[in-house]
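Take a look at the structure below.
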């Protein structure tokens, strides 16, 4: 038989409201009946707690699965428990008030696991399809491995402690039974005792190593688990908590107490706000920085967003209403981790592509700063924000291209005044100069080169007529950076040599501009991307 302890919360909202503190102090020893609340639309595993006819509260959301599994395994409809005490954040205060109740269980671990599988009906996810990427969200990618390794070392500690305990018991029993035969011990028995001592020393050394590893891994787990609201993480927390109870180690028991405390706050608004910022601001920014030209799914965004809308439990519209409340719903709907990863990946993809302008609120306090931070992740960088810095870079690039000489060619590359046209168009596209004012560009060149002492040949500055004559279709109909992507049918009546030269001028100017930006540590692509 095993003693299982559960926590009853929500006393401030039910039948003992307004006298919950007095009730909790007097509740020790009372029979508390735990009844699954199958009609609860908010928490699919909710379990009500009754003292006779009074609804006093609910089983902690983190323990609802355990209670339901125990009821299923015992083929019953409710669970009778005994109240063993209460606690709160501050003694005598209703903040954080909860009852502790205990149940005796004769159900094996195997029977409990089978019962857990019967709790969930995941057929609801069978028809849901997701064609987007599963993104490397750093906060979640290491969960499985870290949890598995932590549980592995905890299991090793329990086995080692049991082996050493059994060995000590056997040795004590053997010493008592054989004391009268001490004088008859053979050399072989002495050898066995020596081996036993050696084995014990080896086991104790291994136990020490495992304890040290477990402390380190548990500390890391405490960080990881704060951002994971999946069903599997809830189960892992409970498994680890129960297993740690069997280990005789002061530091691990201290960390267990920390985990137990944190489990009570995992759905609190403060925890969820931190997790939401991590998922929906930090993660998409980090992923964007690591992108290296891989397929970006931009041509599938509409279809993927439709798939997100079709996710069970209406979770994507919940995200659009409030990303912080969304995490609470993920927790209470017990979303399987694989499906949660797909859902979060799809949401992060939408954030990275600027498709979250309609998100209404960030948390119950309406954190406007975090909401704006998420919405700006996928925004096209406004050139206006960098206009001054970009103009300074362009001026340096213009001075350099004016004297640029292509290897193998005689004279400056801009050998004709009309060859300034691509640069005029670039500056107009970037809103550095009026796009339809050749005179403004000519004035810009005159002022830039005025008083400049340039050794060697330099391209002749253009006049407005040079630019007007050069500004014919298709050049006038498309942004300069897109010229080289034009289809052949769009180049009718365009001289091939002229088209190629204009495209080459754009490429060389962009190369020079990129080099100037690199010197300043500026990510030019971020400024100019679509």
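For segment 95-110, the tally of residues that are surrounded by 16 or more Cβ atoms within 10 Å (Cβ to Cβ) and more than 20 Å from residue 48 (Cα to Cα) stands at 1.
Considering (1) in a helix (DSSP H, G or I); (2) more than 25 Å from residue 511 (Cβ to Cβ); (3) free of Cβ contacts under 8 Å to residues at least 24 places away in the same chain, the lone condition that residue 428 does not fulfil carries the number (2). Exactly one residue out of 254, 231, 226, 215 is assigned by TED's automatic domain parsing to the domain that holds residue 157, within 30 Å of residue 69 (Cα to Cα), within 19 Å of the chain's Cα centre (by Cα) and modelled with pLDDT of 90 or more, and it is 231. Of all the residues in segment 469-500, those that are outside any loop (DSSP other than H, G, I, E, B) and either farther than 15 Å from residue 426 by Cα or not assigned by TED's automatic domain parsing to the domain that holds residue 429 (or both) number 11. Residue 245 meets each of the listed conditions (1) in contact (Cβ under 8 Å) with a residue 40 or more places away in the chain; (2) exposed (fewer than 15 other Cβ atoms within 10 Å of the Cβ) apart from (1).
If you go through segment 1-18 and keep only what is in a loop (DSSP other than H, G, I, E, B), surrounded by fewer than 19 Cβ atoms within 10 Å (Cβ to Cβ) and in contact with a helix residue (DSSP H, G or I) (Cβ under 8 Å, 6 or more places away or on another chain), you end up with just 17. One residue stands out in segment 46-72 among those that are under 30 Å from the mean Cα position of the chain (by Cα) and farther than 14 Å from residue 9 by Cβ: the one that is surrounded by the fewest Cβ atoms within 10 Å (Cβ to Cβ), namely 69. Taking the numbered list (1) out of contact with any helix residue (DSSP H, G or I) (no Cβ under 6 Å at 6 or more places or on another chain); (2) part of a helix (DSSP H, G or I); (3) surrounded by 15 or more Cβ atoms within 10 Å (Cβ to Cβ) in turn, residue 459 passes all entries but (2). Taking segment 28-59 as the range and being over 16 Å from residue 82 (Cα atoms) and in contact (Cβ under 8 Å) with a residue 40 or more places away in the chain as the test, the residues that pass are 36, 42, 43, 44, 45.
The values are calculated or read from the model by the stated rules, or taken from the named source; none is laboratory data. Everything numeric in this text was worked out from a predicted model, so none of it was measured. Note: ideal-geometry Cβ built from the backbone for every residue, glycine included; neighbour counts use all protein chains shown.
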